[in-house]
Amino acid sequence: MHDTLEGREERFVRDRLHKVSRHIVEWSHQFENPCIVFEDLKEMRDSIDYGTRMNRRLHHLPFRALQYYTSYKAAFEGVPTAWIDPEYTSQQCPMCGHTERANRNKKRFKCCSCQHQDHADRSASVNIAVKGIGKHQDWNVPALNSLPQVRKISTERRSLS
Ligand SMILES: [Zn+2]
């Protein structure tokens, strides 16, 4: 086994993703009928607006892996998940529906129509949740065998015991 920098980095990232995805699913249990909605990732990078250096680093983060880890952990616990088209989720006002690019300025959301203010990510999250609930009238939990296979599950089990 090669203990390369890449190998260590990959294990570190994977462990982190497992921790974060576990937190997301645990957190969802505070709600009565929890569901978890993800942005379809194609445009996710465009909606992340940090500095150039941070952007470059974030582009290497496996967001998709985080979504998959979260979705299969959620499926194990009977929590449904869904993916939605992220278009306008960062520009639309969750209070009045007014959609305009100028509503958002970096991390700040301020509706040009009703003056509603929020953190830009939280505002977008509300829109994502509403979109997901609107899209899926009948939630169902995906069958476990329909989810992507997770490699090295035997290693994970061993390290858990
Ligand atoms: Zn508004």
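The values are calculated or read from the model by the stated rules, or taken from the named source; none is laboratory data. Being a predicted model, the structure only gives us computed values, none of them experimental. Every residue, glycine among them, receives a Cβ derived from its backbone with ideal geometry; neighbour counts consider all protein chains shown.
State which residue is nearest to the ligand (Cβ to nearest atom) when the search covers only region 75-109 and only residues that are aromatic (F, W, Y) and free of Cβ contacts under 8 Å to residues at least 60 places away in the same chain.
Only one residue tops the list, namely F109.
Restricting attention to region 10-43, and to residues there that are touching a helix residue (DSSP H, G or I) at 6+ places or on another chain (Cβ under 6 Å) and of a type in the set (A, V, I, L, M, F, W, C), which single residue is modelled with the lowest pLDDT?
Once the filter is applied, the top-ranked residue is L41.
Go through region 63-86 residue by residue and tally those that are modelled with pLDDT under 90 and loosely packed, with under 14 Cβ neighbours inside 10 Å.
Total satisfying the criteria: 2.
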